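Single-structure report; data block below.
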Amino acid sequence: MKRHSLEQSFKSAYKHAIQHADIIACMHDVSNSWTRNALHPTVLETLKEYDHLPSFLILNKIDALKSKRVLLELIRVLTNDTLSSPQSYWNRKRKIQAKSSEETNTSLKTKSEESKHKDVSWSSFHEVFLVSSITGSGLNNIQDYLIKLAKERAWEYSKGTFTDVKPETLIVESVRARLLDYLPQEIPYNLQSAIEYFSEENGTIYASVEVTCPSARIERLICGESNGRLRQITERVTSDLVETFGKPISLTIATRSKKHD
């Protein structure tokens, strides 16, 4: 929270979301050797509080690990040895394996190890997925899994219902969304986007958005060589907005820095 200057709502928003959820996805960073061997205490506390909901584990950033052995050991530790591997994920039974097989595995571990794993793991994960968000590896498996579990329900809003959000807000949020796609690590969270100009003439929307950067170095990173990256972002946002508004969009994205390097 402090490191990335996140909104305080991050502390409570996840619990509000879980109250309306059918399933919990727990994403875990395997690239950090200091924290990857244990689920965060807040995550464990939440899983225990909502143990009536099914949950699954996502091990992210597997591209940072070269050893399959390390991954398999992580699965064993984080699931308390209740899921031996992530393969055949939708054909595997959804309940913890029989007590007899668990007792066989127990003979290979000491009591102290078991106690330690209980403090860092969750024994009720239904599935484990290995993914790399940056390369896209494994994401299709999660999508297929969720589609298979999806429940048919009535639409929350009728097809004739439109958003009451102002067009200017939609434009700024679209810019923010694409900055998240194109920029690495915490950089997008340190940018401030605001509408500079908005008008609609003869069925065409004209808009300009200013992105304020914390430094000239960040501004150069956003723009890219010969403004190539900024043009890409602008084209993607324009395409998004044409689909959103159903009419032509003339969009300009400008950058400025708060201070020079």
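The values are calculated or read from the model by the stated rules, or taken from the named source; none is laboratory data. Please read these numbers as outputs of a predicted model, since none were measured by experiment. Every residue, glycine among them, receives a Cβ derived from its backbone with ideal geometry; neighbour counts consider all protein chains shown. To get the accessible areas, we keep the full protein, side chains included, count just its heavy atoms, and leave off ligands, DNA and RNA. Shrake-Rupley method; radii C 1.70, N 1.55, O 1.52, S 1.80 Å.
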| Hey, any hits in the range 216-235 for a residue that's within 27 Å of residue 10 (Cα to Cα), touching a helix residue (DSSP H, G or I) at 6+ places or on another chain (Cβ under 9 Å), modelled with pLDDT of 90 or more and not β-branched (Val, Ile, Thr)? | no
| request: Output the number of residues of the range 237-261 satisfying the condition of being modelled with pLDDT of 90 or more, surrounded by 12 or more Cβ atoms within 10 Å (Cβ to Cβ) and more than 17 Å from residue 168 (Cα to Cα). | output: 2
| query | Which residue pairs have Cβ atoms closer than 8 Å, lie 6 or more positions apart in sequence or on different chains, and pair a first residue in the range 1-25 that is of a type in the set (Ser, Thr, Tyr) with a second residue that is in a helix (DSSP H, G or I) and open to solvent by 60 Å² or more (accessible area, probe 1.4 Å)? | reply | 5/189; 5/190
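Select from the range 141-179 the residues that are free of Cβ contacts under 8 Å to residues at least 40 places away in the same chain, open to solvent by 100 Å² or more (accessible area, probe 1.4 Å) and in a helix (DSSP H, G or I) and list them in ascending order. Spell out how you get there, then give the answer.
Residues of the range 141-179 free of Cβ contacts under 8 Å to residues at least 40 places away in the same chain: 143, 147, 150, 152-166, 168-169, 172-173, 176.
If we keep only those that are open to solvent by 100 Å² or more (accessible area, probe 1.4 Å) as well, we get 143, 147, 152-153, 155-157, 159, 162, 164, 166, 176.
Of everything in the range 141-179, those that are free of Cβ contacts under 8 Å to residues at least 40 places away in the same chain, open to solvent by 100 Å² or more (accessible area, probe 1.4 Å) and in a helix (DSSP H, G or I) turn out to be 143, 147, 176.
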| message | at pLDDT below 85 and not in a strand (DSSP E or B): is that true of residue 3 in this structure? | response | yes
| said: Looking at the range 1-14 only, could you name the residues that are in contact with a helix residue (DSSP H, G or I) (Cβ under 9 Å, 6 or more places away or on another chain) and open to solvent by less than 60 Å² (accessible area, probe 1.4 Å)? | reply: 4, 6
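Looking only at the range 36-77, count how many residues are part of a loop (DSSP other than H, G, I, E, B), of a type in the set (S, T, N, Q) and loosely packed, with under 13 Cβ neighbours inside 10 Å. It would help to see each step written out before you state the result.
So in the range 36-77, the residues part of a loop (DSSP other than H, G, I, E, B) come out as 36-40, 50-54, 61, 65-67.
Add one more test, that the residue is of a type in the set (S, T, N, Q), and what stays is 37, 67.
From the residues that got through so far, the ones that are loosely packed, with under 13 Cβ neighbours inside 10 Å too are 67.
Adding up the residues that qualify gives 1.
Being modelled with pLDDT of 90 or more, over 19 Å from the mean Cα position of the chain (by Cα), in a loop (DSSP other than H, G, I, E, B) and among the small types (Gly, Ala, Ser): is that true of residue 123 here?
Numbers: modelled with pLDDT of 90 or more: yes; over 19 Å from the mean Cα position of the chain (by Cα): yes; in a loop (DSSP other than H, G, I, E, B): yes; among the small types (Gly, Ala, Ser): yes.
It is true that residue 123 is modelled with pLDDT of 90 or more, over 19 Å from the mean Cα position of the chain (by Cα), in a loop (DSSP other than H, G, I, E, B) and among the small types (Gly, Ala, Ser).
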